[in-house]
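Peer 1: Okay, here's the structure, questions in a sec.
The values are calculated or read from the model by the stated rules, or taken from the named source; none is laboratory data. Note that the structure is a prediction, hence the values are computed from the model and not measured. Here Cβ is always computed from backbone atoms with ideal geometry, including for glycine, and neighbour counts include all displayed protein chains.
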Amino acid sequence: MDKRAKICVAGADTLIGAAIIRELKRQGYTNLVGKSIEEPQFADAALVNAFFAQMVPEYVFLAAGKSGGIGANQRYPAELMLNNLLVECHVIHSACYYGVKKLLFLASSCCYPRDCPQPMKEDSLLTGPFEPTNQAYAVAKITGIKLCQAYRLQYGVNFVSAIPANVFGPNDDFSLQDSHVVSALIRKIHGAKEQGLEFVDIWGTGTPRREFIFSDDLADACVLIMREYDDLKPINIGSGLDLSIGELAQLIKEIVGYSGELRFDRSKPDGMPLKILDSSKLNEMGWRPRTSFRSALSKTYDWFLQVQT
């Protein structure tokens with residue numbers, strides 16, 4: 001991938017898309033198109049077609065599409081599913097039609113079965129039922145993987161897919177209603193500190209374990225995959241570090257400097273009990289995360305403080 005190649009990051013204003021743009025700039029790629037001011041609504045076929053006709057990118061990182069935590073998945077399953085399906089269909093089709101050299105589609109670890117053997121290998125996709133709390137979103141994301149494979153088989157295009165672990169970092173959604181677990185906990189615990197509250201209520205039992213990856217590390221892996229990975233099968237992107245939700249909350253409590261109590265609301269859903277990726281294929285390519293987990297959480301909290309003021 002030439003440093004002057006025309007590169008489109010679809011979803012430039014998302015957590016993952018913004019990180020990919022930062023990483024591309026850091027590595028010296030200079031011809032980035034589709035940064036948020038130019039970006040169309042990727043769920044609109046006509047706008048996507050017009051964008052590709054005008055920009056004609058050579059490489060596409062597909063990070064667009066709505067997402068959210070368990071709460072958002074329970075409230076808006078149709079919206080999340082439809083938006084992601086439309087985005088995938090229109091971007092992948094236009095990328096093929098306008099001769100994109102390579103496309104990388106970012107899926108989600110929720111594509112794996114609820115009771116998947118751990119750590120989750122790429123061959124385990126579609127071997128069992130999805131986790132019910134995010135089934136609609138998971139179906140949309142697995143469809144994106146399969147659509148990339150279908151276009152490869154029919155048209156010979158180099159479209160690949162990657163499955164990240166739970167992503168967090170700057171540009172995340174920190175709303176209490178729709179955010180993922182790391183940003184939700186930062187928002188809740190910071191708010192409790194500011195208000196002088198004696199305790200914070202946290203969804204679930206605190207026992208489920210999750211693998212987390214900092215958005216800047218994920219972006220680094222995405223650029224490597226775009227350069228060097230050309231397989232039909234998707235590839236996992238995990239950090240190799242997993243924590244329970246309780247352990248995560250305690251660490252965020254320390255970083256925020258909150259002295260109150262963490263309470264777990266067992267009436268709320270936990271989601272999958274364990275979700276850890278087998279990233280051996282990526283590791284064999286020489287990739288490892290470059291940011292320690294505590295440092296990544298601190299950077300995320302610092303960004304949150306900046307946008308709150």
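Peer 1: Return the total of residues in the stretch 139-175 being hydroxyl-bearing (Ser, Thr, Tyr), within 17 Å of Ala107 (Cβ to Cβ) and either assigned to a helix (DSSP H, G or I) or within 12 Å of the chain's Cα centre (by Cα) (or both).
Peer 2: 2
Peer 1: Looking at Tyr151, Tyr112, Tyr137, can you tell me which residue is farther than 22 Å from Ala221 by Cβ and crowded, with 17+ Cβ neighbours inside 10 Å?
Peer 2: Exactly one of Tyr151, Tyr112, Tyr137 is farther than 22 Å from Ala221 by Cβ and crowded, with 17+ Cβ neighbours inside 10 Å, namely Tyr151.
Peer 1: Could you check the stretch 185-202 and list, in sequence order, the residues that are out of contact with any helix residue (DSSP H, G or I) (no Cβ under 7 Å at 6 or more places or on another chain), touching a residue at least 24 places away in the same chain (Cβ under 8 Å) and of a type outside the set (D, E, K, R)?
Peer 2: Result: Ala192, Leu197, Phe199.
Peer 1: Identify the residue in the stretch 173-190 that is in contact with a strand residue (DSSP E or B) (Cβ under 8 Å, 6 or more places away or on another chain) and not hydrophobic (A, V, I, L, M, F, W, C) and, among all such residues, is farthest from Leu262 (Cα to Cα).
Peer 2: Ranking the candidates gives His180 first.
Peer 1: Next question. Between a residue in the stretch 75-102 that is within 17 Å of Thr14 (Cα to Cα) and outside any strand (DSSP E or B) and any residue that is among the basic types (Lys, Arg) and at pLDDT 95 or above, which pairs come within a Cβ distance under 8 Å, given they are 6 or more apart or on different chains?
Peer 2: Asn84/Lys141
Peer 1: Quick one: Ile255 ticks every box in (1) free of Cβ contacts under 8 Å to residues at least 60 places away in the same chain; (2) within 28 Å of Lys102 (Cβ to Cβ); (3) part of a helix (DSSP H, G or I) bar one, so which box is it?
Peer 2: All conditions are met except number (2).
Peer 1: Among the polar types (S, T, N, Q) and closer than 26 Å to Ala63 by Cα: is that true of Ser259 in this structure?
Peer 2: Answer is no for this residue.
Peer 1: Of all the residues that make up the stretch 78-126, how many are among the aromatic types (Phe, Trp, Tyr) and within 22 Å of Ala165 (Cβ to Cβ)?
Peer 2: Residues flagged as among the aromatic types (Phe, Trp, Tyr) and within 22 Å of Ala165 (Cβ to Cβ) within the stretch 78-126 amount to 2.
Let's see how each residue does on (1) of a type in the set (Phe, Trp, Tyr); (2) over 30 Å from Pro129 (Cα atoms):
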{"residue": "Ala249", "(1), (2)": "no, no"}
{"residue": "Val256", "(1), (2)": "no, yes"}
{"residue": "Asn283", "(1), (2)": "no, no"}
{"residue": "Tyr301", "(1), (2)": "yes, yes"}
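Peer 1: Sticking with this structure for a sec: Looking at the structure I just gave you, is Phe51 in a loop (DSSP other than H, G, I, E, B) and within 20 Å of Leu147 (Cβ to Cβ)?
Peer 2: no
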